[in-house]
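One structure is given below, encoded as structure tokens.
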Amino acid sequence: MSKKLVGQPIRRREDFRFLRGEGRYVDDIRRAGELSAAFVRSPHAHAIVKSINADAARAAPGVVGVFTGADLAADNYGSIPCGWVVTDRNGEPHKAVPHYPMTRDRARYVGDQVAVVVAETDAEARDAAELVEVDYEALDAVIDLTTAMEAVQIHDEAPNNLCYDWELGDEAQVDAAFAKAHHVSKLELVNNRLIPSPMEPRAALAEYDNGTDSYTLWSTSQNPHMLRWMLCGNVTDIPETKLRVIAPDVGGGFGVKIYCYVEETVCLWAAKRVRRPVRWTADRTEACLADAHARDHLTRVEMALDEEGRFLGLKVHTIANLGAYLSNYATSIPTYFYATLLAGPYATPAIYANVHAVYTNTSPVDAYRGAGRPEAAYLLERIADIAAHDLGMDPVEIRRRNFIQPDQFPYETPVALTYDIGDYEASLDKALSMIDYDGFAARKEEAKARGKLRGIGLSSYIEACGVAPSSLISRFGAGAGLWESAEVRFNATGTVTVLTGTHAHGQGHETTFGQLVADALGVPYDDVEIVHGDTSQIPMGMGTYGSRSMAVGGSAIVKACDKVILKGRKIAAHLLEAAVDDITFSDGNFSVSGTDHSKTMAEVALAAYVPVDFPDDLEPGLDENAFYDPLNFTYPAGTHICEVEIDPDTGVTEIVDWVAVDDFGTVINPLIVEGQIHGGLAQGVGQAMLENGVYDHESGQLITGSFMDYCMPRADNLPSFRIGYTETACTHNPLGVKGCGEAGAIAAPPTLISAIANALDVTHIEMPATSEKVWRIAQNGAAAK
Amino acid sequence: MYDFGYHQPSSLSEADAALNSASDPLLMAGGQTLIPTLKFRLARASDVVDLCGIDELKGIREEGNAVVIGAMTTHCEVAESDLVASRIPALASLARGIGDPQVRHRGTIGGSIANNDPAADYPAGCLGLGATIRTSKRQIAADDFFGDTFDTALEDGEIVTAISFPLPEKAAYAKFPNPASRYAIVGVMVAKTGAGVRVAVTGAGHGVFRDEAIELALNESFSVDAVDASGVDEEDLNSDIHASAEYRKHLIGVMAKRAVAKANS
Amino acid sequence: MAEVTMTVNGRQVSRDVEARTLLVQFLREHLQMTGTHVGCDTSQCGACVVHVDGKSVKSCTMLAVQADGSAVTTIEGLASGDTLHPMQAAFNEHHALQCGFCTPGMVMSAVDLLQKNPSPSETEIRDWLEGNICRCTGYHNIIKAIRHAAGSAA
């Protein structure tokens, strides 16, 4: 039997185009006669748009047109939808607000799109955009989360700027747990606002073909089919049959490219209006202003404990910032992707969460790497540390004592999920051993001799990946199912084209899916081509986010391969003059059981397209598709431990060691999985000590509008990471995989904050733990001693 | 970016002519600050006069007890200069820490000081080392050259041609970078010269300045322990999302100590 | 408009451009060489790094007219035929790229590092990459690839 590729660190095949500068991103695609769009954006956080005078702009060189929201309204362009209805505590749906492609009345955040200039060149469009005169009547800006519910109302539809007041869990049961508690640990914390910042800024190129009345939209999208669905099903009256969405090479997504945005919608409209292709590419400032932002919670958490440090009950109150409008999935993130994870890896019997989600005059907030789960893991791991401190326990011990045990699976949490499998102690033990936890005291002493404060911190996280079982999320309010599709198409020459509804923007699907298919069908890896990102080629698909591609998309591919093999057995039975039941398939060969008669996959594929004397019930062709709807989420989990050294004179924190032990179930390609861990960790470290999306509370201006102020992690901020695995295979998908894309971003913030707090001998420090914050605490500590 | 006329003179007199013939010209040195500024449309010029073609503005040489660096010498050239490394290693070290390698390949000392960004490194280098700025019209002592944020003694059309650094007895530069922009939150050049100790601080205030309290202390004893707190008033320091005035003031002391330690090593 | 002539990856090219045309725009829009990318407006990210007369620069912070008469090497000019440059090969070998967007600038910057410092330490590599931001890899494998390309891996 040939060597299986699954499990091997196969080098990525997609690298060759990227390494030669031959990747093809949206901004690399040029269409004859194309025009450039430049947006006029509100300089005010909150203002009534009284009038727009575009006369001077229209007269500027190269300008083809200047348009506003009213122009799109006249062509029946409606609001960009929110695809998830969250039902509040009173049984009412969330307070939905319109988000028109270009505002029609009011600007609600700095960067809100007010008008667009379409011109021959980008420079001319930008030159003319400056000439558009907008008469604004400035209103007070609502920025501060603590006062947002008492501030000036941003939308007529949402009194008190409240989108919903939502709860999950049994409050009475939690109150009862608190009543009998030996101790209650408490913490108020901030989960800081992030600007996701994939390196490729968003871009769109739209083309209209008058002859067929159809459109093509190239978009930096993580899910081209969903984009088409929203554009055709909600925003416009274009039939889905008349819109082709192509998401070619996409330079990083992390969630921010899931959504349907104003800019691409306007390009689509304008392409028909001016009958020429229209392109727009964000500059970084526009990306900072108008990409969906992330996190931004204020939370009060309380944990009830017994004398032995067992968790009895958890109570969480959160105010979540949704920004000025609802991004497509904004409502679901601080609810069903957040509160449902509040059990974490712990057997806490009673959990209650209450979330107030509010509108503010800031960029819309939606999912970003982890999406709700980092917020849950962060508060849970912080309160675990604090509880350990309060009870005088070792933070390792309190976790160990509360872990769900391997014999408790399947484990139903008090917050709506059922974990299928895991072994949390195994990851913890491995991480402790890898970092030499017992040797920390000596390392701390040695650091002290060098004038450094050394700290160690850990987190044991769980997350829910493989979004998502359609029925479950439908009950939660989702407007779409989250199955995935695949088509496995044999060509006559024996090569295989695989169409997947997922989308790769760095994940390496062309390689990993190729490994899967080569193994499943016994064909050479080089004969397998993976195609994604084009609605005209690929069956309806749901895209890539939430670490779903392998667990859901990969499972769909396996399912389609199974169908191909079944069909192949029928063809082989015909060719070999045997009964289908007697045909076995192994390693690329169809054989008649108990004989040496066999046909290769290539022979069967050729016969499928050169059918001779096929029986009536056997169709030509070898091309099968499958839709896979997951039975459950997958539940990756693990323990990360890091050590830091702090310079007390400056507050500069250096990460000196990091051990990540994760259980992702079956690993298809360890090279790629490790890359995913590294990247997630970098983003999590960024959140914990560098990144912060900051608006001026008075003016509502975005202060961190470029990389001069928004602090992106760089090579010298990060250590090399040490990776370990434990493995419990997922029980409900055919691959046993769980998902690895978000683990680092989830585990890193609590791990790092735990270590910094440990070094400083305090219970908590807010993110981002900047050098100044660290220095202040270090100074206070020094003063106290 | 607004469009402009572009001129690349090959001599100072040609540059002068180009400036005189333009209605609203800007001088460009390495362009590492000016080009982003133009991209953001924060500056507009009828004409850009690029000094990159003027050979007389380039090069590093020793003149008596001074190292003279042509205005169009890049940060990389200063960082890698054997002459600078042997005569004023503090200056080579400062140049090595400006921006990133690509910025250092283009950015120039003349551009940096003419721009006088309040968080740039070279102003602290010039002021701390007591440099003399040579221009197309005159020589200006660093003490008289740097004003508040982005302001200098340069007149319209006056071009920095070279900077003359007298050799210090010892000197060192310590920088605490902004984690995002990598400009200085605080940068301190400490120099022990024949005329006493000079301590110049960038990043912390509205422009580079000398910290007299630290100078006084170091004149007493040029040692780490002599450095106490900065003497500047917090109200004169910057406060932003990256660092409060209080933290900046503290960092002046820390960076000064580190610079002294380095200078003494 | 000004005529600009330069050698790009060994080929001499001339175009008429506005003075405000950036080198990166010249490459991408006038020469249709889209391997060089733009990821920010403030010279921070380094997706646009190319070599001008042998030195790495940010092509978003240089005017095309300033490169008149220069020799420019872009990511497209690094491989010889089908053979990847050792740095490109090392990036593949060690999975030093994911979405690929920062990669051209990252590779061009790394190549310049080894020109100057043939066997850099991990710290020296991390310091050199100050002007190149990657959002995908956490830099771990980039560092590894550069160390291997330099033959300096521990």
**Message:** Here is a check on your reading of the model: is B:Asp82 among the charged types (D, E, K, R) and without any contact (Cβ under 8 Å) to a residue 12 or more places away in the chain?
**Reply:** yes
**Request:** Test A:Thr241 against the criterion of being in contact with a Leu (Cβ under 9 Å, 6 or more places away or on another chain), farther than 24 Å from A:Arg548 by Cα and in the same structural domain as A:Val116 (by TED's automatic domain parsing), and give yes or no.
**Result:** no
**Asked** Do we find that A:Ala179 is over 16 Å from A:His317 (Cβ atoms), small (Gly, Ala, Ser) and surrounded by fewer than 17 Cβ atoms within 10 Å (Cβ to Cβ) in this structure?
**Response** yes
**Asked** Can you list the strands (runs of 3 or more DSSP E) found entirely within region B:1-82 that contain at least 1 residues being open to solvent by 40 Å² or more (accessible area, probe 1.4 Å)?
**Response** B:5-7, B:25-28, B:60-63
**Message:** If A:Leu168 satisfies all but one of (1) among the hydrophobic types (A, V, I, L, M, F, W, C); (2) touching a residue at least 60 places away in the same chain (Cβ under 8 Å); (3) under 25 Å from A:Ala287 (Cβ atoms), what's the number of the condition it fails?
**Reply:** (3)
**Message:** Test of understanding: among C:Gly54, C:Gly81, C:Gly69, which residue is at pLDDT below 95 and out of contact with any His (no Cβ under 9 Å at 6 or more places or on another chain)?
**Reply:** C:Gly81
**Prompt:** Counting only residues that are of a type in the set (Gly, Ala, Ser) and open to solvent by 40 Å² or more (accessible area, probe 1.4 Å), which one in region C:109-152 is farthest from B:Pro177 (Cα to Cα)?
**Reply:** C:Gly151
**Asked** Residues in region C:1-21 that are of a type in the set (A, V, I, L, M), open to solvent by 10 Å² or more (accessible area, probe 1.4 Å) and part of a strand (DSSP E or B): how many?
**Response** 1
**Request:** Taking A:Ile143 as the residue in question, decide whether it is out of contact with any Gly (no Cβ under 9 Å at 6 or more places or on another chain) and not in a strand (DSSP E or B).
**Result:** no
**Message:** Can you pull out every residue in region B:237-248 that is in contact (Cβ under 8 Å) with a residue 12 or more places away in the chain, open to solvent by 20 Å² or more (accessible area, probe 1.4 Å) and over 20 Å from the mean Cα position of the chain (by Cα)?
**Reply:** B:His242, B:Glu246
**Message:** Residue under question is A:Leu314, and the condition is that it be modelled with pLDDT of 95 or more, of a type in the set (A, V, I, L, M, F, W, C) and crowded, with 24+ Cβ neighbours inside 10 Å; does it hold?
**Reply:** yes
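This table checks each residue for (1) in the same structural domain as A:Ala347 (by TED's automatic domain parsing); (2) touching a Pro at 6+ places or on another chain (Cβ under 8 Å); (3) modelled with pLDDT of 95 or more.
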position	(1), (2), (3)
A:Ala247	no, yes, yes
A:Tyr261	no, no, yes
A:Lys272	no, no, yes
A:Ala282	no, yes, yes
A:Glu302	yes, no, yes
A:Leu305	yes, no, yes
**Fill in**
Given the conditions (1) part of a loop (DSSP other than H, G, I, E, B); (2) surrounded by 20 or more Cβ atoms within 10 Å (Cβ to Cβ); (3) not hydroxyl-bearing (Ser, Thr, Tyr), every one holds for A:Gly91 apart from (2)
**Prompt:** So which residues in region C:7-66 are at the interface with chain A (Cβ under 10 Å from one of its Cβ atoms) and of a type in the set (Asp, Glu)?
**Reply:** C:Glu18, C:Glu29, C:Asp41
**Prompt:** Would you pick out the residues in region A:1-19 that are in contact (Cβ under 8 Å) with a residue 12 or more places away in the chain, crowded, with 20+ Cβ neighbours inside 10 Å and within 8 Å of chain C (Cβ to nearest Cβ)?
**Reply:** A:Arg12, A:Glu14, A:Phe18
**Item:** Pairs, first free of Cβ contacts under 8 Å to residues at least 60 places away in the same chain in region A:664-680, second surrounded by fewer than 24 Cβ atoms within 10 Å (Cβ to Cβ), C-beta under 6 Å, six or more apart
**Value:** A:Glu674/A:Ile723
**Prompt:** A:Leu690 passes all but one of (1) within 13 Å of another protein chain (Cβ to nearest Cβ); (2) more than 30 Å from A:Ala141 (Cβ to Cβ); which number fails?
**Reply:** (2)
**Asked** Taking A:Glu22 and the conditions (1) within 14 Å of chain C (Cβ to nearest Cβ); (2) open to solvent by less than 70 Å² (accessible area, probe 1.4 Å); (3) acidic (Asp, Glu), which numbered condition does it fall short on, given that it satisfies the others?
**Response** (2)
**Request:** Report those strands (runs of 3 or more DSSP E) wholly inside region A:531-641 carrying at least 3 residues which are crowded, with 18+ Cβ neighbours inside 10 Å and free of Cβ contacts under 8 Å to residues at least 24 places away in the same chain.
**Result:** A:589-592
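Conditions tested, residue by residue: (1) within 30 Å of A:Gly477 (Cα to Cα); (2) surrounded by fewer than 18 Cβ atoms within 10 Å (Cβ to Cβ); (3) touching a residue at least 60 places away in the same chain (Cβ under 8 Å).
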residue: A:Ala47; (1), (2), (3): no, no, yes
residue: A:Arg104; (1), (2), (3): yes, yes, no
residue: A:Ala107; (1), (2), (3): yes, no, yes
residue: A:Val114; (1), (2), (3): no, no, yes
**Item:** Residues of region A:239-274 classified as surrounded by 24 or more Cβ atoms within 10 Å (Cβ to Cβ) and acidic (Asp, Glu), total
**Value:** 1
**Request:** Taking B:Glu158 as meeting all but one of (1) free of Cβ contacts under 8 Å to residues at least 40 places away in the same chain; (2) open to solvent by 10 Å² or more (accessible area, probe 1.4 Å); (3) more than 29 Å from B:Ser265 (Cα to Cα), write down the number of the exception.
**Result:** (2)
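The values are calculated or read from the model by the stated rules, or taken from the named source; none is laboratory data. Since this is a predicted model, take the numbers as computed values, not measurements. Please note: Cβ atoms are built from the backbone with ideal geometry, for glycine as well, and neighbour counts cover all protein chains shown. Each accessible area value is taken on the protein alone, full model and side chains, heavy atoms only, with ligands, DNA and RNA left out. Shrake-Rupley method; radii C 1.70, N 1.55, O 1.52, S 1.80 Å.
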